[in-house]
Amino acid sequence: VLECMEKSAQIYPNDPYVLSMVTFARSVPRRFGTNILTDRPRMDVARRAVQIENNSASAVFAVSQAAFFTGDCVTGATWGKRAVKLNPLDSRIMGYLGLSMFTCKMAEGDKYSSQALELDPNVDMSIAAIVALQKLKRGDALGAQQLSKKYMELALRPQPGLELFYMLSTAKLGDKSEARVYWMRLITHFDLKVDASVRTLLSKWVSNPMLIDEIVVIFDEAFPVSDRSP
């Protein structure tokens with residue numbers, strides 16, 4: 001997929017949308033610890049997209065994503081907000097801005113993620129999962145459970161994030177038996193041993209170490225080790 005996107009950028013070197021997508025594609029491997037394309041500058045491509053069309057929301061958001069991926073939360077938020085202003089109806093941009101701000105511990109992230117769900121019920125499931133996590137952090141276990149369940153039913157394939165937060169909210173609401181069922185579903189899905197640690201499980205699909213730390217805290221509160229095996 002990455003190779004195809006690189007070839008697309010060569011064929012359409014002046015297409016800001018293609019360049020913005022290449023920026024994202026070049027960022028993903030580094031987040032997950034691979035060496036694919038990590039020697040090629042993301043920010044340079046993103047800024048080139050903006051130079052071609054400075055009113056393109058996707059190009060502007062490419063700069064935001066490139067900044068967030070390098071840990072520059074302030075620059076990422078600034079460019080992300082500008083992208084939202086350019087296209088306030090783009091639920092993808094709004095949702096991913098909220099997700100990135102959330103991982104940077106920026107309070108506004110909650111607002112953007114929630115607005116993305118209101119704009120588009122079919123928005124990326126990872127955004128729905130992060131909104132469920134935000135509800136859990138605020139102590140709204142019932143809200144997190146209902147939201148997770150709703151989007152799990154809409155999903156066309158397994159959604160580990162939603163299943164995780166459904167499990168945690170269910171455990172917090174006192175139904176440890178139901179929670180154990182979902183813990184075992186996650187363990188089975190990732191082909192792990194029953195006694196696998198929470199961090200081992202999370203590392204299968206969560207790349208941000210700070211986010212993993214936050215989830216582990218909630219996990220240990222809601223779902224003690226003694227409750228995780230059948």
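The values are calculated or read from the model by the stated rules, or taken from the named source; none is laboratory data. Small disclaimer: the values here were computed from a predicted structure and weren't measured. Every residue, glycine as well, gets a Cβ built from its backbone with ideal geometry; the counts of neighbours run over all protein chains shown. Accessible surface is based on the protein model in full, side chains and every heavy atom, while ligands, DNA and RNA are left aside. Shrake-Rupley method; radii C 1.70, N 1.55, O 1.52, S 1.80 Å.
In table form, for the structure just shown:
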quantity: Asp140 accessible area, 1.4 Å probe, all protein chains in place, Å² to nearest 10; calculated: 60 Å²
quantity: Gain in span if fully extended, Lys105 to Ala155, counting 0.36 nm per residue against the direct Cα distance; calculated: 15.2 nm
quantity: Heavy atoms of Thr78: accessible area, 1.4 Å probe, square angstrom to 10; calculated: 80 Å²
quantity: Hz values of 3J(HN,Hα) by residue in the stretch 89-106 - Karplus curve (6.51, -1.76, 1.60), Gly and Pro given as x; calculated: 9, 8, 5, 5, 4, 4, x, 6, 5, x, 5, 5, 5, 4, 5, 8, 6, 9
quantity: Violating pairs (Cα-Cα greater than 30 angstrom) within the set Lys7/Lys149; Lys7/Lys150; Lys7/Lys105; Lys81/Lys150; calculated: Lys7/Lys149; Lys7/Lys150; Lys7/Lys105
quantity: ³J(HN,Hα) computed for each position of the stretch 68-80 - Karplus, 6.51 cos²θ - 1.76 cosθ + 1.60, integer Hz, glycine/proline x; calculated: 4, 5, 8, x, 8, 5, 5, 5, x, 5, 4, 5, x
quantity: The chain: angle of helix 160-172 to the longest principal axis, Cα-based, in degrees nearest 10; calculated: 40 degrees
quantity: Per-residue SASA entry for Glu6, accessible area with 1.4 Å probe, Å² rounded to 10; calculated: 20 Å²
quantity: Rounded to the nearest 20 debye, dipole of the chain from Cβ charges on Lys, Arg, Asp, Glu; calculated: 160 debye
quantity: Per-residue [θ]222 nm for the chain (sum of -39500 (n - 2.57) over DSSP H runs n ≥ 4, rounded to 500); calculated: -22000 deg cm²/dmol
quantity: Efficiency of FRET between Cys4 and Val216 - r from beta-carbon atoms, R0 35 angstrom, step 0.05; calculated: 0.45
quantity: Exposure ranking of Phe190, Phe219 by accessible area [1.4 Å probe, largest first]; calculated: Phe190, Phe219
quantity: Most mobile of Ser58, Ser20, Ser207 in a GNM of the chain (Cα contacts under 10 Å); calculated: Ser207
quantity: Per-residue HN-Hα couplings for the stretch 210-224 [Karplus 6.51, -1.76, 1.60; θ = phi - 60°; Hz; x = Gly/Pro]; calculated: 5, 5, 4, 4, 5, 5, 4, 4, 5, 4, 5, 6, 8, 9, x
quantity: Relative contact order, percent, the chain [alpha-carbon distance under 8 Å, six or more residues apart]; calculated: 11 percent
quantity: Rounded FRET efficiency, nearest 0.05, which uses the C-beta distance separating Ile11 from Leu142 and R0 of 45 Å; calculated: 0.35
quantity: Heavy-atom SASA rank of Leu147, Leu19 (probe 1.4 Å, accessible area, largest first); calculated: Leu147, Leu19
